[in-house]
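Worksheet: one structure, shown below.
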Amino acid sequence: MSEVAVAARPIVARRAPLSRFALQLTWVSGSFLLAMLPHLSSIRWWVALLAVTTAGWRLLIEIRGWSLPHRLIRTVIAIAGMLGVLLAYRTLNGLEAGTAFLVLMGGMKLLETRSTRDLTVTIFVSYFLLYAGFLYHQELPWLPYMLVTAWLLTATLMLIHQRSPMSLAESLQRTARMLIMALPLAVLMFLFFPRLPGQFWALPAREQAMTGLSDTMSPGDVSELSISSALAFRVKFEGDMPPPRERYWRGPVLHDFDGRTWRRPRFGYVERPVIAFGKSYDYRMVLEPHNREWLFPLDAVTGWPQGTFRTADFQLLSRRAVSRTTSFAMRSSPQYRSGGPLPKAMQMADLRLPPGRNPRSLALAQQLRATVASDTEFVQAVLQRFRSEEFFYTLQPPKLDTDSVDDFLFNTRRGFCEHYASAFTVLARAAGIPARVVTGYQGGEFNPMNDYLIVRQSDAHAWSEVWLGEDGWVRVDPTSAVAPERIERGLADAIDATESVPGRLFRRSTLLLQMRQAWDAVNTFWNDKVVEYGERHQRSLLERLGIEDADWQELGTALLVSLIAFFALLTGYLAWQFRPRSHDPLVRVYDALCRQLAKRGLGREPHEGPNTYLARVLTQRPDLAAQLNEILALYVALRYGPRLLGSQLTSQTSRFKFLVNQLRV
């Protein structure tokens, strides 16, 4: 190649490798962003963007060798971020505002990072952010992410505190061993640390939109909810399970009607007693968070836990919003009647109809009422009309006019449960029968893997209740007159095959259904045994261990004994792990030679290797030259030369032992 060609070749400058501090800063920034990720759904978008920007800015500064921004600039950004959080959340306290503020401060700390101490502070901020994520996400799929992120944070912390360089792989290996060794202690603390009843932190409910029933109902509301397969709650019965026709889960009761929309009353009524007869069911409901006070017991609830109460219209309410997955022990009696006369205020509310609305429906009700002798016969006449005439049950009903009940009964005749419940209740009121709309859920999917019911949002339902004299409030479900299979077998069997229904694909595939049920069983175990592990579970565990009616002292004793046992096992393991290692046979023979020479005043100095030591011995004992030279050559070959295998190694080792034993000093 000519010199001209060589000179024309472009010279590519090699980029200098990142400094050790730049690598540490990269890992700290990445760990911080991983810890922030679980909060993206709860903080404002600009908070996350500002944190990512400051992290990227600081990395660019380190890589390019720029100067850090002036303190005034950092102060202005910090104050602007704080004011932004204050304006967005109206406070700097609370779960969401506090999390957003912590994210901002973590990003600002990265922007001023200069030393190992600054990196350590950012790591600890990341720890707080990561574990605060459990206040938002307690679902099982989040657990691996949290564990891996905690592992990376700990490995990064070890990496930045090592004086001598350490590879990331070595840091991850050491951290993994540390976490595995700490796992038994974490399990013991989880099982035996005394639990307080209720939530550990009394945090306010998060204000966010969640899928679920509303306290109002207009045509189309429940049908829109029924296309969601989201979980509403799970129910585990003690003993037999009620048949499908009795699986009505009571939610908000709607009394007020403006001609189109049903609403809950603004004021309460006088509570009426519930007289139960027939079989009762004891069960535990695990309710998903929906940020409402409503519970959904089997209708009608006769036993409920502390912190809840039953209203005058038999709805069960919690004294605080259900903002996390919570379990409730209940008792219900599907066969019941309400005792005593109907209170005057409730009677007036449940007969009230808006003037001038739905005139054709009111005329139809009066016409039907004139042909029957009792309120019960009127109810049967309306249901028979739904059965015999061309009414259709569908998730895709047409839109209704202003007088929605008239339009439904006389024109479209296509609707979902809320259409039939609303129309029936209006007809009953027009006939002089107190009536109201009850919303909730109906049915549930049985999971044979753990013998419990899964109730989803697609099981949302609406029905009516009418007051029939001595019988009190009686449930009337007009849907059962149009689509009885909806009550007995579920939504998928009641809707035409051309309509999209949640869960229909799983019903058609046995394998998919089993996979879905297996995954739900795993989640149920996680929620019941881990997320909901509290005082009740702890006392049950101690009773199985022979500790009856444990108090604080016994819990503390059990925890202390467990910790002593754990640390005793850990001490034994560490003593065995770091015990003095026994030398191999070659070293033992060499040490014997050194001791033999030391007895004759020829001891080895600590700094002397084999060559230096035996050379010094030969200057004092030249008569041993032949033997010591052969011993030295053989030892150096075996110790520092190419490794011998098999019979050759055994032969040379035996020769070395023989020469040492034959040496006479």
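The values are calculated or read from the model by the stated rules, or taken from the named source; none is laboratory data. Small disclaimer: the values here were computed from a predicted structure and weren't measured. Here the Cβ positions follow ideal geometry from the backbone for every residue, glycine too, while neighbour counts run over all protein chains shown.
Worth pointing out:
- Test: residue in the range 242-261 that is modelled with pLDDT under 85 and in a loop (DSSP other than H, G, I, E, B): no
- Looking across the range 611-651 at every residue that is basic (Lys, Arg) and farther than 17 Å from Asp591 by Cα, the one that is surrounded by the most Cβ atoms within 10 Å (Cβ to Cβ) is identified as Arg621.
- Yes/no for Ala35 being closer than 30 Å to Thr154 by Cα, modelled with pLDDT of 90 or more and surrounded by 10 or more Cβ atoms within 10 Å (Cβ to Cβ): yes
- Any hit, the range 620-643, residues being free of Cβ contacts under 8 Å to residues at least 24 places away in the same chain and in contact with a Cys (Cβ under 8 Å, 6 or more places away or on another chain): no
- Thr113 vs. criteria out of contact with any strand residue (DSSP E or B) (no Cβ under 8 Å at 6 or more places or on another chain), within 24 Å of Gly56 (Cα to Cα) and in a helix (DSSP H, G or I): no
- Scanning the range 267-289 for residues that are of a type in the set (Phe, Trp, Tyr), over 11 Å from Val301 (Cβ atoms) and surrounded by 18 or more Cβ atoms within 10 Å (Cβ to Cβ) turns up just one, Tyr269.
- Qualifying residue in the range 455-467 (condition: more than 23 Å from Pro354 (Cβ to Cβ) and without any contact (Cβ under 8 Å) to a residue 24 or more places away in the chain): no
- As a summary of the residue check, Asp258 satisfies the conditions (1) more than 17 Å from Ser338 (Cβ to Cβ); (2) out of contact with any Ser or Thr (no Cβ under 9 Å at 6 or more places or on another chain); (3) buried (at least 19 other Cβ atoms within 10 Å of the Cβ) except for the one numbered (3).
- Lone qualifier among Ala428, Ala423, Ala462 - being crowded, with 22+ Cβ neighbours inside 10 Å, under 30 Å from Leu298 (Cβ atoms) and in contact with an Asp or Glu (Cβ under 6 Å, 6 or more places away or on another chain): Ala462
- Verdict on Arg74 being modelled with pLDDT of 90 or more, assigned to a helix (DSSP H, G or I), at negative phi and among the basic types (Lys, Arg): no
- Flag for Ile63 being at pLDDT below 90 and surrounded by fewer than 16 Cβ atoms within 10 Å (Cβ to Cβ): yes
- Any hit, the range 297-304, residues being in a loop (DSSP other than H, G, I, E, B) and touching a Ser or Thr at 6+ places or on another chain (Cβ under 6 Å): yes
- Unmet criterion (only one of (1) part of a helix (DSSP H, G or I); (2) over 22 Å from the mean Cα position of the chain (by Cα); (3) at pLDDT below 90; (4) under 26 Å from Val522 (Cα atoms)) for Leu188: (2)
- Gly444 meets all of the listed conditions (1) surrounded by fewer than 19 Cβ atoms within 10 Å (Cβ to Cβ); (2) on the phi > 0 side of the Ramachandran plot but one, namely (1).
- Considering the range 75-118, the residues that are within 30 Å of Met158 (Cα to Cα) and of a type in the set (Gly, Ala, Ser) include one that is surrounded by the most Cβ atoms within 10 Å (Cβ to Cβ), namely Gly107.
- For the range 124-147, a residue qualifies if it is in contact with a Ser or Thr (Cβ under 8 Å, 6 or more places away or on another chain), surrounded by fewer than 19 Cβ atoms within 10 Å (Cβ to Cβ) and in a helix (DSSP H, G or I), and exactly one does: Ala132.
- Selection within the range 305-326 - within 22 Å of Arg263 (Cβ to Cβ) and in a strand (DSSP E or B): Phe309, Arg310, Leu316, Leu317, Ser318
- Every residue from the range 498-534 that is farther than 30 Å from Phe193 by Cβ, at pLDDT 80 or above and of a type in the set (Lys, Arg): Arg516
- Condition check for Arg595: at pLDDT 80 or above, surrounded by 13 or more Cβ atoms within 10 Å (Cβ to Cβ) and basic (Lys, Arg): no
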